[in-house]
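The values are calculated or read from the model by the stated rules, or taken from the named source; none is laboratory data. Since the model is a prediction, treat every value here as computed from it, not as a measurement. All Cβ positions, glycine included, derive from the backbone under ideal geometry; neighbour counts span all protein chains shown.
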Amino acid sequence: MVRVKSRYLLCEVNVSDRSDLLPLDDRAVAAAVKAAVARTHGDYGAALCSIRFSVKYLNAHTGIVFLRFPKRCYKLLWSALPFITNIESRGKKIPCFLNCLHVGGTIRTCQKFLIRYNTQQLHRMLPKCKNEEERQQIRRGILNCCLTGRYKEAFVDESESEDEEEE
């Protein structure tokens, strides 16, 4: 028996206003990607990429999308992403573009990359904080990305006790 190989593209939907992301749904993203592939590569590309293409995950708050497609056509799909200029969802056109962050062989490798990417973004935001409350929220976000289970609970308890000592 032969295993069917897939590729996963981790993309970020970039918009000018973050509130425009909320009406997005997976069908609208899939339709926009299929239309872009059809425009750039014609019937051949559209047929090749539509066989096992699907949107596996969409977070409308952060704009993160996981796209799954056959291994043999990932270059066709990847090359069509810059031609997406808007996504039509619920009767509203949302001007946006898709930024490809990672191409992986499994969804797990994409998830690991996303954790590293989010941690880096939070570390970049930390020096730009205006007050101590924002810093604490970002530190908690970094901890949620990095630590799991009992280690996170111990670290949070430890940081809370440090905060009490400072007061």
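Considering every residue within the range 82-101, establish whether at least one is touching a Pro at 6+ places or on another chain (Cβ under 6 Å), assigned by TED's automatic domain parsing to the domain that holds Val13 and closer than 24 Å to Ser6 by Cβ.
The answer is no, given that none of the residues of the range 82-101 is touching a Pro at 6+ places or on another chain (Cβ under 6 Å), assigned by TED's automatic domain parsing to the domain that holds Val13 and closer than 24 Å to Ser6 by Cβ.
Given (1) of a type in the set (D, E, K, R); (2) part of a helix (DSSP H, G or I); (3) surrounded by 15 or more Cβ atoms within 10 Å (Cβ to Cβ), where does Glu12 come up short, assuming only one miss?
Of (1) of a type in the set (D, E, K, R); (2) part of a helix (DSSP H, G or I); (3) surrounded by 15 or more Cβ atoms within 10 Å (Cβ to Cβ), only one is false for Glu12: (2).
Name the residue that is farthest from Gly63 (Cα to Cα), counting only residues in the range 115-156 that are among the hydroxyl-bearing types (Ser, Thr, Tyr) and either at pLDDT below 60 or over 21 Å from the mean Cα position of the chain (by Cα) (or both). Let's see the steps before the verdict.
Step one: list which residues in the range 115-156 are among the hydroxyl-bearing types (Ser, Thr, Tyr), which gives 117, 119, 148, 151.
From what is left, the residues that are either at pLDDT below 60 or over 21 Å from the mean Cα position of the chain (by Cα) (or both) are 148, 151.
Working: Thr148: 24, Tyr151: 29 Å.
Looking at the filtered set, the residue picked out is Tyr151.
Looking at the range 67-81, can you tell me whether even one residue there is in a strand (DSSP E or B), out of contact with any helix residue (DSSP H, G or I) (no Cβ under 8 Å at 6 or more places or on another chain) and free of Cβ contacts under 8 Å to residues at least 60 places away in the same chain? So that I can check it myself, show each step before the final result.
Of the range 67-81, the ones in a strand (DSSP E or B) are 67-70.
Within this subset, residues satisfying the condition of being out of contact with any helix residue (DSSP H, G or I) (no Cβ under 8 Å at 6 or more places or on another chain) are none.
Taking every residue of the range 67-81 in turn, none turns out to be in a strand (DSSP E or B), out of contact with any helix residue (DSSP H, G or I) (no Cβ under 8 Å at 6 or more places or on another chain) and free of Cβ contacts under 8 Å to residues at least 60 places away in the same chain.
In the range 31-67, what count of residues is obtained for those that are basic (Lys, Arg) and surrounded by 17 or more Cβ atoms within 10 Å (Cβ to Cβ)? Give the derivation first.
Of the range 31-67, the ones basic (Lys, Arg) are 34, 39, 52, 56.
From what is left, the residues that are surrounded by 17 or more Cβ atoms within 10 Å (Cβ to Cβ) are 34.
The number of residues fulfilling the criteria is 1.
Name the one entry in Val55, Val33, Val37, Val29 that is hydrophobic (A, V, I, L, M, F, W, C), out of contact with any Pro (no Cβ under 9 Å at 6 or more places or on another chain) and part of a strand (DSSP E or B). Please lay out each step first, then the result.
Values: Val33 fails: part of a strand (DSSP E or B); Val37 fails: part of a strand (DSSP E or B); Val29 fails: part of a strand (DSSP E or B).
Unique residue meeting the criteria: Val55.
Could you tell me which residue of the range 77-99 is farthest from Gly141 (Cα to Cα), considering only residues that are touching an Asp or Glu at 6+ places or on another chain (Cβ under 9 Å) and surrounded by 15 or more Cβ atoms within 10 Å (Cβ to Cβ)?
Initially, the range 77-99 is screened for residues touching an Asp or Glu at 6+ places or on another chain (Cβ under 9 Å), giving 89-90, 92, 94-96, 98-99.
Next, from what is left, pick out any that are surrounded by 15 or more Cβ atoms within 10 Å (Cβ to Cβ): 89, 94, 96, 98.
Details: Ser89: 30, Ile94: 28, Cys96: 26, Leu98: 24 Å.
So, considering only residues that are touching an Asp or Glu at 6+ places or on another chain (Cβ under 9 Å) and surrounded by 15 or more Cβ atoms within 10 Å (Cβ to Cβ), the one farthest from Gly141 (Cα to Cα) is Ser89.
Given (1) in the same structural domain as Ala28 (by TED's automatic domain parsing); (2) touching a residue at least 24 places away in the same chain (Cβ under 8 Å), where does Asn118 come up short, assuming only one miss?
(1)
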